[in-house]
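For reference, the structure discussed in these notes is given below.
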Amino acid sequence: MQIASVLAIITVMMKHNHTGQAGDNKTAFGFNQVAHGEKQGLVNDVFSKVAANYDKMNDLMSGGLHRLWKDDLVTRLNPPKGGRAFDVLDVAGGTGDVAFRIARAGGNGTSVTVADISADMILEGRKRAVFEGLTHKCRFAVANAEALSFDSGRFDAYTIAFGIRNVPDIDQALKEAYRVLKPGGRFLCLEFSQVAVPGLEQVYDTYSMTAVPALGKVVTGDGQPYRYLVESIRTFPNQAQFAGMIEQAGFSRVNHRNLSGGIVAMHSGWRI
């Protein structure tokens, strides 16, 4: 598959019309509305199915661009190069893809705790940490983004890449991010967003809803999880809406920057 075609697949995912919330007791699971208490189990099932091929599929679906987006996040985080302690919490980062980048970029004092609600994703991350020789700098924990099992004010930074849209209660997850950060701590989030390519949404929409699940079926044997992932991107808030949610959680100096023409947005905030 040519990179241009792959980019078309991803770009289509960026069309957003609503936040995915539907009253107090319903929430979006892809295009379906489910009881709020049911979503987490459904999401867990999705990631259980894709864990072993998650990073491979990211490369195929993005033409490798996800690596550049994650590198950009780490550059913006700028972990200290010396021995100063710098404790990062990477949420929904089960396979360690972001955590390993942070660990390598930072000095001896940099450590990363990877928290993911999917035990299968955490298992993949632990195996990779051994292979990468980073077990001394990276720890792994099965944890819920809405109720983190960490002390308040513990971390210097909180990162989350392409995971916040899968949380049933995003507002609560943002409050937890604020809680576990130290004063002066930084929040950084990568998430698919609203593409800034006018006039192409309809064509890309048709393409994404067929090509991504088909690719997932070829690689993993099951296209349904990838249909959900495509749908979940479309129901996620756009750049301005999500920035407003971050501010509502208490963060200051909130801003966002589009990457690849708005295919992805990097959101930043500080606990002051």
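So the check is Cβ under 7 Å with 6+ separation or different chains; which pairs have a first residue in the stretch 99-125 that's closer than 17 Å to R84 by Cα and a second one that's among the small types (G, A, S) and not in a loop (DSSP other than H, G, I, E, B)?
These pairs meet every condition: T110/A103; V112/A99; V112/A103; T113/A141.
Among the residues of the stretch 92-110, which ones are basic (K, R) and either surrounded by fewer than 22 Cβ atoms within 10 Å (Cβ to Cβ) or out of contact with any helix residue (DSSP H, G or I) (no Cβ under 7 Å at 6 or more places or on another chain) (or both)?
Scanning the stretch 92-110 gives a single hit, R104.
Specify which of the listed residues (A103, A129, A85) is at pLDDT 95 or above and farther than 15 Å from D156 by Cα.
Answer to the check: A129.
Can you name the number of the only condition in (1) crowded, with 16+ Cβ neighbours inside 10 Å; (2) outside any strand (DSSP E or B); (3) among the hydrophobic types (A, V, I, L, M, F, W, C) that L89 fails?
(2)
Taking the stretch 170-200, which residues are more than 14 Å from F155 (Cβ to Cβ) and crowded, with 18+ Cβ neighbours inside 10 Å?
I170, A173, L174, C189, L190, E191, F192, S193, Q194, V195 - these are the residues of the stretch 170-200 that are more than 14 Å from F155 (Cβ to Cβ) and crowded, with 18+ Cβ neighbours inside 10 Å.
Pick from the stretch 129-173 the residues that are in contact with a Cys (Cβ under 9 Å, 6 or more places away or on another chain) and part of a helix (DSSP H, G or I): which of them is nearest to A243 (Cα to Cα)?
My answer is I164.
Looking only at residues that are without any contact (Cβ under 8 Å) to a residue 40 or more places away in the chain and in a helix (DSSP H, G or I) in the stretch 231-270, which one is surrounded by the most Cβ atoms within 10 Å (Cβ to Cβ)?
A243
Would you check which residues across the stretch 146-169 are farther than 27 Å from L68 by Cα and buried (at least 21 other Cβ atoms within 10 Å of the Cβ) and list them?
Within the stretch 146-169, L148, P168 meet the criteria.
Within the stretch 213-222, is there a residue that is modelled with pLDDT of 75 or more and either in contact with a strand residue (DSSP E or B) (Cβ under 7 Å, 6 or more places away or on another chain) or of a type in the set (S, T, Y) (or both)?
No, every residue in the stretch 213-222 fails to be modelled with pLDDT of 75 or more and either in contact with a strand residue (DSSP E or B) (Cβ under 7 Å, 6 or more places away or on another chain) or of a type in the set (S, T, Y) (or both).
Mind checking which residues of the stretch 111-145 are under 23 Å from L181 (Cα atoms), out of contact with any helix residue (DSSP H, G or I) (no Cβ under 7 Å at 6 or more places or on another chain), surrounded by fewer than 18 Cβ atoms within 10 Å (Cβ to Cβ) and aliphatic (A, V, I, L, M)?
Across the stretch 111-145, the qualifying residue is only A141.
The values are calculated or read from the model by the stated rules, or taken from the named source; none is laboratory data. The model shown is predicted, which means the values in this text are computed figures rather than measured ones. Glycine gets a Cβ as well: all are built from the backbone with ideal geometry, and neighbour counts include every protein chain shown.
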